Amino acid sequence: MNSILPLLRGASPRYPYPLRLSSSVVSRAFISTTVPTSIAGFLHFKPQDAVSDVKIDGFVRSVRAQKRQSFVALGDGSSLESLQAVVPSDQAEGLTVGAAVRLHGSWIPSLGRGQSHELQVERATVLGPSDAKTFPIQKKYQTPEYLRTLPHLRPRIPFNTTVLRFRSEIMASLTRFFATHHFVQTHTPILTSADCEGAGEVFHVSAGDPSPLPSKSKTDKLKSFFRRPVYTTVSAQLHLEALAQALGNVWTLSPTFRAEQSDTPRHLSEFYMLEAEMSFTDDLNSVMDLAEGMLKHICTDLSTSRVKDELLVRAGDRPSDLAPAEQVEQRWAGILLPSWPRITYTEAIEILKSSDTAFVHNPVWGKDLNTQHEKYIAMKVGNGSPVFVTNYPRDIKAFYMKANVGDCDKSPPSATVECFDLLVPDFCEIAGGSMREHRLDNLLESMRAHGIAPTSSDGAIKSESPQSTENNLNWYVDLRRWGCPPHGGFGVGFDRLICYLSGIQTIHDTSAFPRWYGRCDC
């Protein structure tokens, strides 16, 4: 009886798709034929003989009508490919593009080309009708720009459903990785009183009159809902640091928001960040090891994924929207190389200065690396693999990063911090992390140097300071007062990671409902 339990639960060890028993009688399950319930399952279900009394649910992708029968291409989001159903003319009424249907019939070996088996339909039921004349998603090439104007329907495009399934598989792989490394998954707040990066590119939250220009009489009411200014979060890091002092190693995958007025293929206003924080570690290498191990785990875990293989299909008109399949395969192979180079920011500047390449912006120590600089470092140093660049100047990095040993007493611009950016071929920075400044005096000094919040003589942040009112970091400083161990962490732009591993050229196409500068359509 134990051997049949996986079948009764809807899975089979040798058939990785949901199954249903063709008979409801348990005693007959040993001799019954198991039949898939998804289109992906049927496309991989290739019995030698016809299987009768099957049911398939899905959406009509296309219809080719003939005198006696119609050939219907059916999809349900489980596969890039569609399933072919042969429908008698007397059952074809209502089978229009976009309709939600349920088809009953026999799964038989196909006599035609393109599919080993097909569904010979005996009865068709329209569950959700569709007006084919007005349905905007047709079986032809439609530009990504046009599809972005239909965010509520765009997921029905077969390639877009594949991207969303790939997104789901990466999330599942990340969960497995952190579970095996004994990290606690947490949920951090979306609304926050602190601007983590201190850059000011935040969305302010208010309540009350939704009009863009509230009257003066309503201003106080709008501002007083939370007693202080509140924003949508730009990073979960500060809250993860608090949780790390309670739980140990923690991680989260959560939405973040940037009010950056950039309408480029690399920017979203709402996106997801994978962030992890390690407690009781005082070595930046351990943080980089974790980030490297995580990305290698994803590529190893999903190397045989059917969804990954579907994403690499370059057929029809799609190649112009995607990086070449060979290039994407090289990205996966590069991540799986045994070791990734680690160089300092100073070494990177010297490599750039000694290059024969004519950069538009000359590399200068003390300034952030330009996109063209990062691409050159990834190509020259990485030779196919990602590259860690460490120890950036303090002046161009966030206030919370720990000063390098021996640099605490140095004056800008020579002081550096224990941090890293992870650069990948073709795509530049994909992750960043650092050791966090866990020493109270050093943190306060760094905050003063970054102009975030002035302090009083006893080291406490002045509550009456206009800056501290706008960016509440009192609680963050308090973490250093009571048992703060050395710790560090990193963040990965989840949507950018999907771009890199799938070959999608524009980050707007990795999300089901993308929001970017000037666009929030539904």
Q. Leaving out ligands, DNA and RNA but keeping every protein chain, what accessible area does Trp251 have, in Å² rounded to the nearest 10, with a 1.4 Å probe?
A. 10
Q: Would you mind putting 496-502, 280-286, 509-515, 64-70 in packing order, based on average other-beta-carbon counts within 10 Å, highest first?
A: 496-502, 509-515, 280-286, 64-70
Q | segment 105-182: Rg to Rh, with Rh as the Kirkwood radius over Cα pairs | A | 1.13
Q: Working with all protein chains in place, sort Asp289, Asp90, Asp321 by solvent-accessible area computed with a 1.4 Å probe, largest first.
A: Asp90, Asp289, Asp321
Q. With all protein chains present and a 1.4 Å probe, how do Asp521, Asp195 order by accessible area, largest first?
A. Asp521, Asp195
Q: Work out the FRET efficiency for Asp49 and Lys140 from their Cβ-Cβ distance, taking R0 = 51 Å, and round it to the nearest 0.05.
A: 0.85
Q. Using the Cα gyration tensor of segment 313-446, with a ≥ b ≥ c the square roots of its eigenvalues, what is the shape: rounded (a/c below 1.5), prolate (a/b larger than b/c) or oblate (neither)?
A. prolate
Q: Evaluate the distance, in nm, between pseudo-label points positioned 7 Å from the Cα of Arg228 and of Ser110 along their respective Cα→Cβ axes.
A: 6.3
Q: At 7 Å along the Cα-to-beta-carbon direction for both Asp283 and Ile351, put a label point, then send me their distance in nm to one decimal.
A: 2.3
Q: At 0.36 nm per residue, minus the direct Cα-Cα distance, what do Val364 and Thr300 gain on full extension? Give it in nm, one decimal, please.
A: 19.2 nm
(Q) Whole percent per 5 Å bin, from 0 to the bin with the longest distance: what is P(r) over all C-alpha pairs of segment 44-101? (A) 4, 18, 26, 25, 18, 9, 1
**Q.** Surface accessible to a 1.4 Å probe, per residue, for the residues of segment 252-366, Å²
**A.** 47
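The values are calculated or read from the model by the stated rules, or taken from the named source; none is laboratory data. Only a predicted model underlies this, so the values are computations on that prediction, with no experimental measurement involved. Note that we place each Cβ from the backbone using ideal geometry, even for glycine, and neighbour counts take in every protein chain shown. Surface accessibility is based on the protein's heavy atoms, side chains included, excluding ligands, DNA and RNA. Shrake-Rupley method; radii C 1.70, N 1.55, O 1.52, S 1.80 Å.
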